[in-house]
1. Looking at region 183-193, is at least one residue more than 21 Å from G63 (Cα to Cα), in a helix (DSSP H, G or I) and among the small types (G, A, S)?
2. When only residues in region 203-237 that are assigned to a helix (DSSP H, G or I) and among the hydroxyl-bearing types (S, T, Y) count, which is farthest from L166 (Cα to Cα)?
3. Among G300, G327, which is of a type in the set (G, A, S) and modelled with pLDDT of 95 or more?
4. Taking the stated definitions as given, is D302 in contact (Cβ under 8 Å) with a residue 24 or more places away in the chain, farther than 18 Å from F162 by Cα and touching a Phe, Trp or Tyr at 6+ places or on another chain (Cβ under 6 Å)?
5. Take T169 and tell me if it is more than 23 Å from T197 (Cα to Cα) and of a type in the set (S, T, Y).
6. Please return the ranges of helices (runs of 4 or more DSSP H) entirely within region 1-104 where 1 or more residues are among the polar types (S, T, N, Q).
7. Could you list all residues from region 105-138 that are among the small types (G, A, S) and assigned to a strand (DSSP E or B)?
8. Any chance region 259-268 includes a residue that's surrounded by fewer than 13 Cβ atoms within 10 Å (Cβ to Cβ) and either under 18 Å from F145 (Cα atoms) or without any contact (Cβ under 8 Å) to a residue 60 or more places away in the chain (or both)?
Amino acid sequence: MKVDFGGAEEILFEQVGCAGIVTLNRPSSLNAVNHGMVRALARALCAWETDDAVQIVIIRGEGRAFSAGGDILDVYKAGLAGEAKPDFFADEYRLNAAIARFPKPYVALIDGIVMGGGVGVSFHGSHRVMTENAIFAMPEVGIGFFPDVGGSFLLSHLPGEFGMYLALTGNRIRRGDACATGLATHAVDAAELPALTQALCEGGDVDATLAAFAGTAEREMDDGALHAIASHFSFGTLAEVLQSLGEDQDEWVQKTAATIARRSPTSLHVAFRQVRAGAMLTMDECMHMEFRILNRMLTGHDFYEGIRAVLVEKGSTPHWKPDTLDGVKDEDIDAYFAPLPGKELAL
């Protein structure tokens, strides 16, 4: 039975058996999440939370991606016109927090790319199923932004400094590493997703159903790389992390250091601080912190420059300001985390 919570044809809702099924339906845009989709999903969760007929929520993507991120080109255009508005992000962050608090099983079936805003509508749920096609990343530092949508909470709780590695590099990982770090809860082959969905809709114990379909996924990253991550990314300051990486002549480490060197210096400083802070905060507190950062990002330079270079003029080189890590002052970073009098995020 189809249900209409808005969002036009870009996000579809139906009730099948005991399940509420959400389908992100913008395959030509790799299911990038826009404002209308965010608001529609929020309405659906609000209704289904108290609907006894819906015992489980399943979210999936149409086509070859789960969701490649948030649709931020409208935000980019508004900012260039001097009309930067945080409304989309405010609703998105409220949704991320609502998913984390959702009292019923929330199962994300991740088949294909999942990044940025797509992570926000999937990885805060109770169950994260990844197929052999799944690719996870939080690449925001490469566009002059920061790992938002709850990245502060999600990445800060990964073992072995793996979250800090993901935040500062923006590198992609596959399901073996995602399962090993706890990002994913289950590995299920793509061919099994229709049968798994049907079984979940029929009711019963969700964990037992998922276990019946799940297999093992070997870790892609070798022990040497994992040891390097745990060692180099464990320091208390960004400068110490980068110094440690620079002193190690291992080929993988040097490649990692070169990747970080291409990222926005301001974004790196912000991401480092937010991930360290996130380990001591609740999910709701992380969303308050991220909304403060977001508001300052929307009035800065690097976010718009990164979008221009990566998404508008694809493949061009961004020109960061400041363009060196030393050029970023402590007081500048402090300002990103400062309170927003009268404009704090309401959850």
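The values are calculated or read from the model by the stated rules, or taken from the named source; none is laboratory data. Computed from a predicted structure; not experimentally measured. Methodologically, a virtual Cβ is constructed for each residue, glycine included, from the backbone with ideal geometry; neighbour enumeration extends over all protein chains shown.
1. no
2. T209
3. Working: G300 fails: modelled with pLDDT of 95 or more.
Checking each option against the conditions leaves just G327.
4. Values: in contact (Cβ under 8 Å) with a residue 24 or more places away in the chain: yes; farther than 18 Å from F162 by Cα: yes; touching a Phe, Trp or Tyr at 6+ places or on another chain (Cβ under 6 Å): yes.
The answer is yes for D302.
5. Numbers: more than 23 Å from T197 (Cα to Cα): yes; of a type in the set (S, T, Y): yes.
Yes; evaluated as a whole, the condition is true for this residue.
6. On the way: elements: 35-49, 73-80, 87-101.
By residue number, 87-101.
7. Applying the first criterion (among the small types (G, A, S)) to region 105-138 yields 108, 112, 116-118, 120, 122, 125-126, 134, 137.
Once the filter is applied, which keeps residues that are among the small types (G, A, S) and assigned to a strand (DSSP E or B), region 105-138 yields A108, A137.
8. Of region 259-268, the ones surrounded by fewer than 13 Cβ atoms within 10 Å (Cβ to Cβ) are none.
No, region 259-268 contains no residue that is surrounded by fewer than 13 Cβ atoms within 10 Å (Cβ to Cβ) and either under 18 Å from F145 (Cα atoms) or without any contact (Cβ under 8 Å) to a residue 60 or more places away in the chain (or both).
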